[in-house]
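Novice: So that we are looking at the same thing, I have put the structure below in structure tokens.
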Amino acid sequence: IAVGMTFVILTGGIDLSVGPLVALAGVIIASIAKLDYDAWALGLVAGVGAALLLGIINGILISYFKVVPFIQTLAMMSIARGLTLMYSNGKPISDLNHSYTAIGKSEILFIPTIVWIFIIMFALAFVYLYLTRQGRHIYALGGNEQATYISGINTRFVKCSVYAISGLLCGIA
């Protein structure tokens, strides 16, 4: 979540919807993983996809329809929380199979797997922000949006993409 929020903050925005996006993705993944022993991968795609979709919606409304980021993400926070409660009928999802819970309990070289996932996400974000043109555009947008626009950078796309990245990383979280 912190890595995704970094992208948003670099552009001068804010994303209040990250917690409910993680909850929605988690409920979707867990409910599908509970159906079948091997369905956790399908659940992972569905949960991450749902969080990504809501992140893209945030980005579109903020960048193309000029909704204030604080207001839009506050609204998305309520929407995602409501979708989570509707999807789960307000009940916790329990009795998950071992294939789903193994990621949270496993270790690689005596370090928990979730720490490795964070390290990989951090490294990918570092490379993206410092070694790609899009990363430089993100920094430029946060520095001065009008100057970035005048220099020929599609500021709407850049702003939309950081909210999509935030949603994607919420789903992964």
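Novice: Probe radius 1.4 Å, ligands and nucleic acids ignored: give me the carbon and sulfur share of the accessible area of the chain as a rounded percent.
Specialist: Numbers: 6960 of 9740 Å².
Roughly 72 percent, rounded to a whole number.
Novice: Counting other Cβ atoms within 10 Å of each Cβ, which chymotrypsin sites (Phe, Trp or Tyr not before Pro) in segment 69-173 have at most 16 and sit in a DSSP loop?
Specialist: Those that pass, being in a loop and sparsely packed, are 110.
Novice: Give the calculated FRET efficiency between residue 132 and residue 42 to the nearest 0.05, with a Förster radius of 41 Å applied to their Cβ-Cβ distance.
Specialist: Values: r = 31 Å, r/R0 = 0.75.
Step by step, r from the Cβ atoms, then E = 0.85.
Novice: How much accessible area per residue does the chain have, counting only protein heavy atoms and a probe of 1.4 Å, in square angstrom?
Specialist: On the way: 9740 Å² over 173 residues.
On a per-residue basis, the chain sits at 56 Å².
Novice: Mind sorting out which of (i) 28, 19, 16; (ii) 24, 18, 14; (iii) 31, 20, 11 is the real semi-axes √(5λ) of the Cα gyration tensor in Å computed from the coordinates?
Specialist: Matching the structure shown: (iii).
Novice: Under a 10 Å cutoff between Cα atoms, tell me which one of 83, 42, 52 has the largest fluctuation in the Gaussian network model of the chain.
Specialist: 42
Novice: Relative contact order, percent, of segment 119-173 when contacts are C-alpha pairs under 8 Å separated by at least 6 residues?
Specialist: The value is 23 percent.
Novice: Based on DSSP H runs of at least 4 residues, each adding -39500 (n - 2.57), what is the mean residue ellipticity at 222 nm of the chain after dividing by all its residues, to the nearest 500 deg cm²/dmol?
Specialist: Details: 9 runs with 133 residues, N = 173.
Result for the chain, helices only: -25000 deg cm²/dmol.
Novice: Something else: Say the dipole of the chain comes from +1 at the beta carbon of Lys and Arg and -1 at that of Asp and Glu; which of 127, 171, 138 then lies farthest toward its positive end?
Specialist: Towards the positive end, the residue furthest out is 138.
Novice: Continuing with the same structure: Checking understanding here: applying a Kyte-Doolittle mean of at least 0.5 and a length along the axis of at least 20 Å (C-alpha), which whole DSSP H helices in the chain pass? Show your work: numbers first, answer last.
Specialist: Numbers: long enough: 18-35 (26 Å, 2.09); 40-63 (34 Å, 2.05); 69-88 (28 Å, 0.91); 113-131 (26 Å, 2.50); 155-172 (26 Å, 1.21).
Helix filter hits for the chain: 18-35, 40-63, 69-88, 113-131, 155-172.
Novice: Which value, in debye to the nearest 20, gives the size of the charge dipole of the chain about its Cα centre, when Lys and Arg are +1 and Asp and Glu are -1 at the Cβ?
Specialist: On the way: 9 positive and 6 negative charges, 84 e Å.
Dipole magnitude for the chain comes out near 400 debye.
Novice: With springs connecting C-alpha atoms under 10 Å apart, model the chain as a Gaussian network and identify which of 24, 141, 109 has the largest mean-square fluctuation.
Specialist: Among 24, 141, 109, the largest GNM mean-square fluctuation belongs to 109.
Novice: Let me ask you something else. Quote the relative contact order of the chain in percent (integer), defining contacts as alpha-carbon pairs under 8 Å separated by 6+ residues.
Specialist: Values: 246 pairs, mean separation 73.7, N = 173.
RCO, the chain: 43 percent.
Novice: Please report the spacing between the Cα centers of segment 65-82 and segment 122-155 in Å, no decimals.
Specialist: Centre-to-centre distance over Cα atoms comes out at 24 Å.
Novice: DSSP loop trypsin sites (Lys or Arg not before Pro) in segment 39-135 with at most 15 other Cβ atoms within 10 Å of their Cβ, which ones? Let's see the in-between values first.
Specialist: Numbers: sites: 66, 81, 105, 133; in loops: 66.
Answer in residue order: 66.
Novice: What residue among 75, 102, 50 shows peak mean-square fluctuation when the chain is described by a Gaussian network model with Cα springs under 10 Å?
Specialist: 102
The values are calculated or read from the model by the stated rules, or taken from the named source; none is laboratory data. Everything quoted here is computed from the prediction, not taken from an experiment. As a convention, Cβ positions derive from the backbone with ideal geometry for all residues, glycine included, and neighbour counts pool all protein chains shown. Remember, those area values only see protein heavy atoms, side chains included, never the ligands or the DNA or RNA. Shrake-Rupley method; radii C 1.70, N 1.55, O 1.52, S 1.80 Å.
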